[in-house]
1. Hand me the list of helices (runs of 4 or more DSSP H) wholly inside the chain holding 3 or more residues that are among the charged types (D, E, K, R), modelled with pLDDT of 95 or more and over 12 Å from the mean Cα position of the chain (by Cα).
2. So which pairs qualify, if the first residue must be in the stretch 41-61 and among the hydroxyl-bearing types (Ser, Thr, Tyr), the second must be outside any loop (DSSP other than H, G, I, E, B) and modelled with pLDDT of 95 or more, the Cβ gap must be under 6 Å, and the two must be at least 6 apart or on different chains?
Amino acid sequence: MKKIIISTVAFIGFAGAALAFDEGMDADNDGVLSEAEMVAAYPDLTREILDAVDTDNDGNVSLEEWTIATESGLLGEG
């Protein structure tokens, strides 16, 4: 029973996280924002800002990176 509860809570947490990107930003629903998805959401995005947002330099913006960037004001309104 304990495993079921933990699994359910984990699933709900991940489902909520997936919904945290603004509506339609993650066009391919892979859980990260590609450079193309970022440019579509932020047309005035510069290379410098994108590089600053992508803190792990993997070429994608994770939910955590996006959240930090939006909360800190690095990214404006999408």
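1. 47-53
2. Partner pairs satisfying both residue conditions: Thr55/Glu65.
The values are calculated or read from the model by the stated rules, or taken from the named source; none is laboratory data. Owing to the predicted nature of the structure, the values given are computational and were not obtained by experimental measurement. Don't worry about glycine lacking a Cβ; one is built from the backbone with ideal geometry, like all the others, and counts go over all protein chains shown.
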